[in-house]
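Every number in this text was worked out from the coordinates using simple rules, so none of it is lab data. Computed from a prediction, not measured in an experiment: that's the story for all the values here. Here the Cβ positions follow ideal geometry from the backbone for every residue, glycine too, while neighbour counts run over all protein chains shown.
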Amino acid sequence: MRHRSSYSVFLAACYLFALLALFVSSCKVGNVSDITGITPTPMTPSPTPRVCPPNINLDGLDGLKIQPTFIVVLFDANSIYTKPIEYISGKKTTDAMEFVGKILPELLGPGDQYSIFSLGFRHYEAAKLDRYSSKISEAPEIVSTPEPHITLTIIPTPTISGAVLENQVAKNEYEENVDSQNATATQSAFEYNCELLAYDTTYKLTATAWGVTKQAEANEIATQIVVAQSDREEKIQIMETPFAPDNVYEGLSHVTVDFENQCKNYDRCILILFDDLVDWRPDTPDYLDINLEGVDVISILPQCEDIIQPSCKRVQDIWRPLFVSYKAKSVEYYNGERLEEALINYFGGK
């Protein structure tokens with residue numbers, strides 16, 4: 001009997017303890033720190049999505065303009081290329097006209113013109129192979145595609161010294177600078193993306209159409225050169241016989257006709273000359289008119305294995321003052337090495 005009474009007292013005590021624990025728990029709910037000692041981080045609302053401002057002004061970007069270029073090619077069909085002409089693809093050729101047919105569509109576009117002459121003929125009409133002039137005179141009113149904003153300079157990580165306080169100060173300054181730069185970079189990327197969005201909305205369709213126009217013009221130039229070569233082969237029997245294989249001066253007088261008549265209509269006038277620059281006469285004949293005023297001359301020397309070898313340098317030294325006397329604006333010398341790449345870099349592409 002006493003045993004059962006003791007057991008009942010024990011159960012009652014357990015029951016009271018459970019009630020007490022439940023009461024304490026209910027009083028402290030919502031205050032986790034009273035139990036764990038850790039204060040939870042309060043939830044913060046998501047940042048408001050950034051929206052591009054309306055009517056972004058792209059006038060600060062460069063407007064699309066045609067900068068018309070006039071290229072005249074003068075080549076010696078009989079030149080032997082010690083250094084074959086190299087394409088960007090790695091292919092090579094010893095045929096100057098094959099190369100011209102490949103490079104002119106890459107260098108020229110809407111608003112441009114070219115003329116092609118062959119050396120070895122006394123008269124202009126016989127030397128003239130082809131002339132093509134673009135019928136497009138104006139670009140559509142669009143601006144250039146927005147460029148990514150300037151890349152920020154990386155902030156160097158501070159060096160560790162022996163003083164703890166100095167390390168901490170340097171670390172704090174470094175972190176502040178990094179935070180500031182990250183904020184600038186974020187803002188810059190946001191503005192650039194907004195400009196792209198504005199460009200796509202306003203100009204993208206027109207820019208795409210202009211790209212198609214430029215490609216069509218390049219295709220037309222490539223086709224025109226092929227047709228001109230074919231016509232030339234058909235007419236070769238009734239044309240005058242070349243009177244000398246090395247008559248550079250006559251060739252330069254022929255291109256002078258085109259430059260004097262057309263250069264005033266173009267922003268750039270360029271002569272691409274494929275020849276070893278060897279003429280059987282010691283100086284310019286008095287009866288020939290040669291005028292290259294305002295013309296950039298690109299002289300390609302087929303016999304030069306290395307453009308800086310002494311024999312090639314002597315040729316350059318002889319002709320440089322001659323080109324100056326013809327009032328050429330500048331003179332650049334090349335051989336066939338990586339020539340396609342060199343010309344594209346020189347012209348800046350289209």
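Amide H contacts of G294 (H built 1.01 Å from N, in plane; Pro and chain starts excluded): K329 sit under 5 Å, all sequence-distant by 5 or more or on other chains. The modelled label-to-label distance for the pair R131/T151, using points 7 Å beyond Cα in the direction of Cβ, is 4.7 nm.
Ranked by the mean number of other Cβ atoms within 10 Å per residue, highest first, peptides 211-223, 167-179 order as 211-223, 167-179.
Once the C-beta distance of N78 and S325 is scaled by a Förster radius of 30 Å, the resulting FRET efficiency is 0.65 to the nearest 0.05. For region 120-129, backbone phi angles converted through the Karplus equation (6.51, -1.76, 1.60; θ = phi - 60°) give residue-by-residue couplings of x, 10, 7, 10, 4, 4, 6, 6, 6, 8 Hz, Gly and Pro being listed as x. Scalar couplings 3J(HN,Hα) for region 178-188, obtained by applying the Karplus form with A = 6.51, B = -1.76, C = 1.60 to θ = phi - 60°, are 5, 4, 5, 5, 4, 5, 5, 5, 4, 5, 4 Hz; x denotes Gly and Pro. FRET efficiency for the pair Y346 and D179, taken as 1/(1 + (r/R0)^6) with r the Cβ-Cβ distance and R0 = 45 Å, rounds to 0.50. Stretching I66 away from K171 to a fully extended chain increases their span by 32.6 nm, per 0.36 nm per residue minus the current alpha-carbon distance. Of interest is the spacing of the C-alpha centroids, which for region 185-235 and region 60-137 amounts to 20 Å. Between D95 and K264, the distance separating the two model label sites (each 7 Å from Cα on the Cα→Cβ line) works out to 3.9 nm.
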